[in-house]
1. Here is a check on your reading of the model: is ARG156 in contact (Cβ under 8 Å) with a residue 60 or more places away in the chain and surrounded by fewer than 14 Cβ atoms within 10 Å (Cβ to Cβ)?
2. Quick check, is ALA123 closer than 19 Å to VAL78 by Cβ and surrounded by fewer than 16 Cβ atoms within 10 Å (Cβ to Cβ)?
3. Within the stretch 44-53, which residues are surrounded by 21 or more Cβ atoms within 10 Å (Cβ to Cβ) and of a type in the set (D, E, K, R)?
4. Run VAL112 past the list (1) without any contact (Cβ under 8 Å) to a residue 12 or more places away in the chain; (2) farther than 20 Å from ALA144 by Cα and report the number of the one that doesn't hold.
5. Restricting to the stretch 81-100, what's the tally of residues that are part of a loop (DSSP other than H, G, I, E, B) and either more than 24 Å from LYS125 (Cβ to Cβ) or free of Cβ contacts under 8 Å to residues at least 12 places away in the same chain (or both)?
6. I want to confirm something. Restricting to the stretch 16-60 and keeping residues that are free of Cβ contacts under 8 Å to residues at least 60 places away in the same chain and charged (D, E, K, R), which single residue is farthest from ASP97 (Cα to Cα)?
7. With outside any helix (DSSP H, G or I), within 27 Å of ALA119 (Cβ to Cβ) and modelled with pLDDT of 95 or more as the only criterion, which of ASP75, ASP12 stands out?
8. When you scan the stretch 39-56, how many residues do you find that are in a helix (DSSP H, G or I) and either at pLDDT below 95 or in contact with a His (Cβ under 6 Å, 6 or more places away or on another chain) (or both)?
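The values are calculated or read from the model by the stated rules, or taken from the named source; none is laboratory data. These numbers were taken from a predicted model, which means no experiment stands behind them. Ideal geometry is used to build each Cβ from the backbone, glycine not excepted, and the neighbour counts take in all protein chains shown.
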Amino acid sequence: MSTLNPYEGFLDGRPIETILAATPVEIAKLVEAIGPVKGLEAPAPGKWSPGEIVAHLADCELVFGFRLRQTLAEDAPVIQPFDQDNWAKTYKGITPDEALQAFQAFRNWNLVLLEDLPAGAAARKTTHPERGTMTFQTIIETMAGHDLNHLGQLRRIASAE
């Protein structure tokens, strides 16, 4: 597994853009299958509830969007890491539907950005302080792998008795 993209192992061979576009639809199906009661329940002690998972995805989409835009707008920027567990402290009580609305809005905005990239965008460099120098393309590949990782968690919760 790449240290630049810790989610590379989740990629399934589909085009990255296909994964990114399909994720909101898949989350919506899973949130519906999980239901409102289970949506606020952690599947095990120390694990995030479905609502918290989707809130995390919304926060990450916001962060990824900033990183993408920063990489396009600046020459070799250093992107800011964040502590997902500290951010997650604000998620209690957020329903999966509320979090999904935010995720969908942020994802749609990022997909608009990805539709019409300038020449050479994929190769633009940025540095992540914990992972090293990466490219714009690495960021979108990380987004897709991250999606698939958390979709797997939601699928397991949806299929649990």
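1. Numbers: in contact (Cβ under 8 Å) with a residue 60 or more places away in the chain: yes; surrounded by fewer than 14 Cβ atoms within 10 Å (Cβ to Cβ): yes.
Yes: the conditions hold for ARG156.
2. So ALA123 fits the description; yes.
3. To start, the set of residues in the stretch 44-53 that are surrounded by 21 or more Cβ atoms within 10 Å (Cβ to Cβ) comprises 49-53.
The one that is surrounded by 21 or more Cβ atoms within 10 Å (Cβ to Cβ) and of a type in the set (D, E, K, R): GLU52.
4. (2)
5. To start, the set of residues in the stretch 81-100 that are part of a loop (DSSP other than H, G, I, E, B) comprises 81-83, 89-95.
In the following step, the residues that additionally are either more than 24 Å from LYS125 (Cβ to Cβ) or free of Cβ contacts under 8 Å to residues at least 12 places away in the same chain (or both) were identified as 83, 89-95.
Counting residues in the stretch 81-100 that are part of a loop (DSSP other than H, G, I, E, B) and either more than 24 Å from LYS125 (Cβ to Cβ) or free of Cβ contacts under 8 Å to residues at least 12 places away in the same chain (or both) gives 8.
6. LYS47
7. Just one listed residue meets the conditions, ASP75.
8. Step one: of the stretch 39-56, the residues in a helix (DSSP H, G or I) are 50-56.
With either at pLDDT below 95 or in contact with a His (Cβ under 6 Å, 6 or more places away or on another chain) (or both) added as a condition, the list becomes 53.
Adding up the residues that qualify gives 1.
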